[in-house]
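Structure first, commentary second.
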Amino acid sequence: MNSENKGKVIVVGGGIAGLSAGIHALKAGFEAEIYEKNPIAGGECMGWNRKGYHIDNCIHWLTGTAEHTKLWEVWKTIGAIDENTKYADTDKFYSSRVGGQELTLWKDINKSQEEFLAASPEDEEEIRKFFTHVEYAKSCVIPSDKPMDMMGVKDYIVMGKDMANMPKVMKEYGKINCAQLGARFKHPVIRKLMCDYLPADYTAYSLLVSYATMASGNGNIPLEGSLAMTLRIVKRFKEMGGVLHTNTPVKRIVIEGKKAKGIELMDGSLVEGDEVISAVDTDLLFGKFIDRKYMPKALSKAYEQRKAYPVTSGFQVAYAIDADFSVDDTLFFDMEPVKVGNKEYKRMFIKNYAYDKSFAPEGKAVLQADINQTDDDYEFWSSLTKEEYKAKKAEIADEMTKRIVTEFPELEGKIELLDCWTPLTYNRYCNAYHGSYMGFVTTVGNKQMSFKGVIKGVDNLFVAGQWVMSPGGLPIALVSGKFAVQRILKRMKRDVNI
Ligand SMILES: Cc1cc2nc3c(=O)[nH]c(=O)nc-3n(C[C@H](O)[C@H](O)[C@H](O)COP(=O)(O)OP(=O)(O)OC[C@H]3O[C@@H](n4cnc5c(N)ncnc54)[C@H](O)[C@@H]3O)c2cc1C
């Protein structure tokens with residue numbers, strides 16, 4: 001660690017991006033202070049307790065768990081995981097059920113291919129093509145050394161070699177969405193499975209990359225869950241000398257001329273700093289923290305084109321159940337429609353967290369159920385009064401419980417509601433745009449949203465967080481925090497290798 005003090009970095013937002021920015025700032029020799037509105041840091045990488053159970057509400061897979069890869073090194077730097085981390089012993093990505101028939105994407109790709117071929121010999125060509133390309137997709141890496149625009153020819157050559165097989169994946173699956181991928185198959189379960197995990201309008205290659213990440217052992221789930229990981233990162237930040245201000249909402253970033261002077265807190269006090277990194281939702285940054293006129297074009301375009309760049313949220317319910325429930329991990333199934341506003345949802349998924357014994361008392365487990373939500377749903381939920389919202393939430397949770405029991409009669413009388421939450425919860429808790437817990441979805445025919453994380457016209461203000469690059473998620477939050485610090489170093493003409 002560099003002990004020479006280079007000035008003070010103020011980080012706004014204590015999610016994974018903010019914590020990563022803080023730790024990398026300390027590593028580069030700055031003082032670092034993080035300002036977080038909630039009583040606890042972590043943002044969307046969160047979990048909470050209810051009635052003696054722990055509800056883990058983030059990591060379904062953590063990209064970067066393969067030891068000694070570049071991304072793993074960054075996770076290790078911030079104290080999230082290391083050589084001693086224990087992972088959930090799961091053998092599948094997810095399963096899909098239609099009319100009693102079920103297929104699974106196993107971590108073992110060959111096992112999945114055999115299962116699919118046995119179920120649907122008439123889809124042989126598409127099945128083989130799909131799984132061959134999942135193997136190719138294992139070569140996909142998230143650049144984590146430095147931002148792409150700081151990379152030199154040598155870096156590009158190395159990246160090109162690492163990702164040698166990705167062009168094949170993009171050629172075959174880069175121009176279709178998950179619904180179109182599903183339509184390539186005749187078998188009813190495969191058709192649905194292909195658009196179960198990611199929304200149907202997501203580009204199909206994203207599904208292959210996600211599955212490949214899991215199958216290659218680079219997308220494991222750390223035991224004890226998301227909150228425990230967040231707390232390890234907070235500990236690292238504090239041990240390195242960082243100052244975390246929780247319960248401290250920020251009102252705006254104070255700009256004078258071409259410089260960010262510091263921040264104004266909600267209580268009216270001013271905090272000055274040499275550099276400011278915003279690690280909050282970009283809809284909050286551009287519009288409330290600073291003038292919307294500073295918003296980069298690519299980002300404005302995504303906010304304006306709601307159909308081309310939808311967002312992802314969920315109506316989620318958590319239950320206590322008996323640990324011997326036969327469904328392990330994640331299963332999608334059809335249900336009698338559930339109405340949210342004007343929209344009808346006909347499929348939901350359940351995830352059994354029995355793989356982590358620390359989440360429930362002995363003999364019990366936590367089960368979560370989820371129906372996908374997007375922009376329209378957010379509008380519906382926000383249109384309700386407080387009383388209507390409460391009643392609707394309870395009504396839909398009840399409908400979901402009934403549908404789970406219809407699908408799994410063995411749970412009758414053995415399923416107890418712990419909690420339920422909606423896209424509005426994410427907005428309230430994290431100021432998340434339209435309740436989205438990921439960045440913008442890239443739909444076919446539209447450019448993946450990304451911007452540099454610098455602000456034209458303000459020299460010392462930088463942006464981190466999952467919204468700087470679609471599709472967002474934990475690894476983007478992680479590297480964006482590091483990249484923001486590297487941009488500061490570059491401006492100071494210092495070595496960016498941290
Ligand atoms: C159900 C669910 C499942 C997920 N599954 C996965 C997964 O399997 N893999 C994966 O990679 N990702 C997953 N994600 C996404 C992942 O959690 C997010 O991408 C990531 O945590 C975003 O981090 P961030 O720091 O960019 O933003 P955030 O977590 O939103 O952090 C922003 C922070 O800013 C704070 N803030 C907001 N307003 C203010 C203010 N005025 N003043 C001060 N602070 C403020 C917020 O409280 C928050 O702490 C999942 C998320 C959810 C909810």
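The values are calculated or read from the model by the stated rules, or taken from the named source; none is laboratory data. Please read all numbers here as calculations on a predicted model, not as lab measurements. Note that each Cβ is placed from the backbone with ideal geometry, even for glycine, and that neighbours are counted across all protein chains shown. Surface accessibility is based on the protein's heavy atoms, side chains included, excluding ligands, DNA and RNA. Shrake-Rupley method; radii C 1.70, N 1.55, O 1.52, S 1.80 Å.
Values as computed for the structure displayed
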item: Filtered residues of segment 401-426 (kept if open to solvent by less than 60 Å² (accessible area, probe 1.4 Å) and more than 16 Å from the ligand (Cβ to nearest atom)); result: T401, R403, I404, V405, E407, F408, L411, I415
item: Exclusive hit being more than 21 Å from the chain's Cα centre (by Cα), of a type outside the set (V, I, T) and open to solvent by less than 40 Å² (accessible area, probe 1.4 Å), set G47, G18, G42, G7; result: G7
item: Qualifying positions in segment 178-195 - crowded, with 24+ Cβ neighbours inside 10 Å and out of contact with any strand residue (DSSP E or B) (no Cβ under 9 Å at 6 or more places or on another chain); result: L181
item: Members of segment 74-91 that are within 26 Å of F349 (Cα to Cα) and either among the hydrophobic types (A, V, I, L, M, F, W, C) or in contact with a Lys or Arg (Cβ under 6 Å, 6 or more places away or on another chain) (or both); result: A88, D91
item: All strands (runs of 3 or more DSSP E) inside segment 204-278 with 2 or more residues being of a type outside the set (A, V, I, L, M, F, W, C); result: 250-256, 259-265, 275-278
item: Selected residue [open to solvent by 50 Å² or more (accessible area, probe 1.4 Å), under 20 Å from K351 (Cα atoms), away from the ligand (no atom under 14 Å from the Cβ) and among the acidic types (D, E)] from D495, D459, D398; result: D398
item: Selected residue [crowded, with 21+ Cβ neighbours inside 10 Å, more than 30 Å from D162 (Cβ to Cβ), aromatic (F, W, Y) and touching a residue at least 60 places away in the same chain (Cβ under 8 Å)] from F93, F30; result: F30
item: Selection within segment 196-225 - surrounded by 24 or more Cβ atoms within 10 Å (Cβ to Cβ) and of a type in the set (F, W, Y); result: Y205, Y211
item: Of all residues in segment 462-473 being within 6 Å of the ligand (Cβ to nearest atom) and under 27 Å from D274 (Cα atoms), the one that is surrounded by the fewest Cβ atoms within 10 Å (Cβ to Cβ); result: Q466
item: Test: residue in segment 333-345 that is within 16 Å of the ligand (Cβ to nearest atom), in contact with an Asp or Glu (Cβ under 8 Å, 6 or more places away or on another chain) and over 30 Å from A484 (Cβ atoms); result: no
item: Single unsatisfied condition, S120 versus (1) farther than 25 Å from A369 by Cα; (2) open to solvent by 20 Å² or more (accessible area, probe 1.4 Å); result: (2)
item: Strands (runs of 3 or more DSSP E) completely within segment 335-444 that count 3 or more residues being under 20 Å from D201 (Cβ atoms); result: 343-352, 364-373
item: Number of the condition not met by K490 [criteria: (1) open to solvent by 10 Å² or more (accessible area, probe 1.4 Å); (2) within 14 Å of the ligand (Cβ to nearest atom); (3) part of a helix (DSSP H, G or I)]; result: (2)
item: Which numbered condition M400 misses (of (1) farther than 24 Å from R97 by Cα; (2) in contact with a strand residue (DSSP E or B) (Cβ under 6 Å, 6 or more places away or on another chain)); result: (1)
item: Segment 427-454, subset aliphatic (A, V, I, L, M) and open to solvent by 10 Å² or more (accessible area, probe 1.4 Å), residue nearest to the ligand (Cβ to nearest atom); result: M438
item: R232 being within 15 Å of the ligand (Cβ to nearest atom), among the basic types (K, R) and in contact with a Gly (Cβ under 8 Å, 6 or more places away or on another chain); result: yes
item: Number of the condition not met by M159 [criteria: (1) open to solvent by 50 Å² or more (accessible area, probe 1.4 Å); (2) among the hydrophobic types (A, V, I, L, M, F, W, C); (3) out of contact with any Asp or Glu (no Cβ under 7 Å at 6 or more places or on another chain)]; result: (1)
item: Residues of segment 162-196 classified as within 16 Å of Y211 (Cα to Cα) and touching a residue at least 60 places away in the same chain (Cβ under 8 Å), total; result: 5
item: Hits in segment 235-248 - residues which are open to solvent by less than 50 Å² (accessible area, probe 1.4 Å), of a type outside the set (V, I, T) and within 14 Å of the ligand (Cβ to nearest atom); result: F237, L244
item: Positions within segment 316-334 being in a loop (DSSP other than H, G, I, E, B) and farther than 26 Å from I190 by Cβ, in sequence order; result: A323, D324
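Okay, residues lined up against (1) within 16 Å of the ligand (Cβ to nearest atom); (2) within 24 Å of the chain's Cα centre (by Cα); (3) of a type in the set (A, V, I, L, M); (4) surrounded by fewer than 22 Cβ atoms within 10 Å (Cβ to Cβ):
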site: E256; (1), (2), (3), (4): no, no, no, yes
site: L265; (1), (2), (3), (4): yes, no, yes, yes
site: S269; (1), (2), (3), (4): yes, no, no, yes
site: D281; (1), (2), (3), (4): yes, yes, no, no
site: P296; (1), (2), (3), (4): no, yes, no, yes
site: R306; (1), (2), (3), (4): no, yes, no, yes
